[in-house]
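Enquirer: Structure incoming, see below.
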């Protein structure tokens, strides 16, 4: 795929040991194409881990915060893997591909940690854990036109596929696992194919989609899309020093599932207490962007930290996610973000900044 | 990518266009492509003294903030106020409508501007960006 991206004029970036396309032309235009037509992403850097066997569901129930053994085959869940102290090691999408087969998608930079944790946590179960990252190329087709574009290239009935569902089929004649998932806030699909077929699938989607406005899109657009959609990014909103509850994602922790799971007791304490900080959305009254690590000020006093920030093509001004200390009375205070020494006014805004009309 | 032959360039990816002792400054097409969509440009106020090789402003894109360096010594006479409303001009027309500021440079004794000796020609600048990949 590398040569294909370079041929398309991509600015490449190093990410977790991979050379990935940051943008092909204007990231703002790529962002808008995904919101209004479709975008095509190469996400082959994401980690794929197969968990298989009669005890695969039980192993994942123990290893992750979710209740994976009750997920029907052909469906997916957003979940997390936590340390014993409740800190988030990664956020994951888990597909149940069959009765005894699960495909776990990890962030590129966390794949080795997730793999070793899953191996050790599954050791007491009748399940195998296999790193399949090099067996899959991941291509995402995202946007309102995605179903129409990909539908013309597959034997699957995409119109009948539910959100967070997936199925084995063919795409451009090649075998693939196709799922209605994504990280953009739009309808869309993720195609897990063989690396040897990746360029053929990519080119077929480009040909099929170009008349409908599909463009290749890079990681820069992916970041602004997920930020508008209020989706957390590991390393920014999530990390080992944060729990799912602080990120406003306590719903992924399934205390009602039977048996113990790693982090249960620590997370139960966190769930019962007031979180020390909370994740909020901010809009910035300037063209300047509030970036990761910049301080948030309430009446001039530091009350939190920006975790992600970018200009929002949809809102036409910069947006940010930030952790505010629980003690900060953000409701009545005058909020600002310290942008390289200048206090720039900011306003609270409910997350997500953008949700598509369904 | 084509860098106008009549301009001079710096290793920090600025261009300079000189008429008499007035130097117009912007960033190169290569710089604009590497930065991505420019969303904010902070420029030195007219009257400010700038020094070659020293930061005098900021160029902010979707993904990053970069210092803007002055390629010449002198006093800022004018800035491109169009960029306040439309910073994307830097990407669309880096060598024309996307210009950033003008500097009155000292005279060299022959009626020309006294420019730093390390400014690059278009060919030299292209070599530089080629080797940067």
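Enquirer: Pick out which of A:52, A:317, A:222 has the largest mean-square fluctuation in a Gaussian network model of chain A, springs linking Cα atoms closer than 10 Å.
Expert: A:317
Enquirer: Put a dot 7 Å past each Cα toward the Cβ at residue B:12 and residue A:255; how far apart are the dots in nm?
Expert: In this crude label model, residue A:255 to residue B:12 measures out at 5.6 nm.
Enquirer: If you don't mind, another one. Which order results if A:99, B:29, B:12 are arranged by neighbouring Cβ count within 10 Å, fewest first?
Expert: Ordered by Cβ neighbours within 10 Å, fewest first: A:99, B:12, B:29.
Enquirer: Okay, moving on. If you average the sequence gap of Cα pairs under 8 Å that are 6 or more apart and divide by the length of the range A:250-311, what percent do you get for the contact order?
Expert: Relative CO of the range A:250-311 lands at 22 percent.
Enquirer: For the range A:78-215, what is the relative contact order in percent, using Cα pairs closer than 8 Å and at least 6 residues apart in sequence?
Expert: Numbers: 209 pairs, mean separation 25.7, N = 138.
It comes to 19 percent, rounded to a whole number.
Enquirer: A further question follows. Please check: in the Gaussian network model of chain B (C-alpha springs, under 10 Å), which one of B:71, B:44, B:55 has the largest mean-square fluctuation.
Expert: B:55
Enquirer: Would you mind ranking B:126, A:117, B:54, A:190 so that the residue whose beta carbon has the fewest other beta carbons within 10 Å leads the list?
Expert: Starting with the residue having the fewest Cβ neighbours, the order is B:54, B:126, A:117, A:190.
Enquirer: In addition: Using only alpha carbon pairs under 8 Å that are at least six residues apart, calculate the relative contact order of chain A and give it in whole percent.
Expert: 18
Enquirer: Using a/c under 1.5 as the rounded threshold, could you call the range A:210-327 rounded, prolate or oblate? The axes a ≥ b ≥ c are square roots of the C-alpha gyration tensor eigenvalues, and prolate needs a/b larger than b/c, oblate otherwise.
Expert: The shape class here is oblate.
Enquirer: Another question about this same structure. At 7 Å along Cα-to-Cβ for each site, give me the label-to-label distance between residue A:15 and residue B:128 in nm.
Expert: Modelled inter-label distance: 3.0 nm.
Enquirer: FRET efficiency for residue B:67 and residue A:120, Cβ-Cβ distance as r, R0 = 35 Å, nearest 0.05?
Expert: 0.15
Enquirer: Where the eigenvalues come from the Cα gyration tensor of the protein assembly as shown, what are the semi-axes √(5λ) of the equivalent ellipsoid, largest first, in whole Å?
Expert: 46, 28, 18
Enquirer: Would you mind classifying the range A:25-126 by shape? Square roots of the alpha carbon gyration tensor eigenvalues, ordered a ≥ b ≥ c; an a/c under 1.5 is rounded, otherwise it is prolate if a/b is larger than b/c and oblate if not. Kindly include the intermediate steps, with their values, before the conclusion.
Expert: Numbers: a/c = 2.53, a/b = 1.81, b/c = 1.40.
It comes out prolate by the Cα gyration axes.
Enquirer: May I pose another question? Based solely on its DSSP helices, what 222 nm [θ] is calculated for the protein assembly as shown when runs of n ≥ 4 H residues each add -39,500 (n - 2.57) and the sum is averaged over all residues, nearest 500 deg cm²/dmol?
Expert: The helix-only estimate for the protein assembly as shown comes to -5500 deg cm²/dmol at 222 nm.
Enquirer: Further, regarding this structure: Using the Cα atoms of the range B:8-107, I'd like the radius of gyration and the largest Cα-Cα distance, Dmax, both in angstrom.
Expert: Rg then Dmax for the range B:8-107, in Å: 12.2, 39.
Enquirer: Decide, for the range A:276-358, between rounded, prolate and oblate: order the square roots of the alpha carbon gyration tensor eigenvalues as a ≥ b ≥ c, take rounded if a/c falls under 1.5, and otherwise choose prolate if a/b is larger than b/c, else oblate.
Expert: Because a/c hits 1.5 or more and a/b fails to exceed b/c, the range A:276-358 counts as oblate.
Enquirer: So, R0 is 60 Å and r is the distance between the beta-carbons of residue A:128 and residue B:110; what FRET efficiency does that work out to, to 0.05?
Expert: That gives a FRET efficiency of 0.15.
Enquirer: In what order do B:76, A:171 fall by count of nearby beta-carbon atoms within 10 Å, going from fewest to most? Each step should come with its number before you reach the end.
Expert: Values: B:76 21, A:171 25.
Taking fewest neighbouring Cβ atoms as first place, the list is B:76, A:171.
Enquirer: While we're on this one: Can you compute the FRET efficiency between residue A:1 and residue A:348 using 1/(1 + (r/R0)^6), with r the Cβ-Cβ distance and R0 = 41 Å? Round to the nearest 0.05.
Expert: Efficiency, from the Cβ-Cβ distance: 0.50.
Enquirer: If you don't mind, another one. Name the most mobile residue of A:249, A:324, A:92, meaning the one with the largest mean-square fluctuation, in a Gaussian network model of chain A with Cα contacts below 10 Å.
Expert: Looking only at A:249, A:324, A:92, the biggest GNM fluctuation is shown by A:249.
Just so you know, all these numbers are worked out from the coordinates, no wet-lab data involved. What you see is a predicted model, and the numbers here were worked out from it, not measured in a lab. Cβ atoms come from the backbone with ideal geometry, glycine included; neighbour counts cover every protein chain shown.
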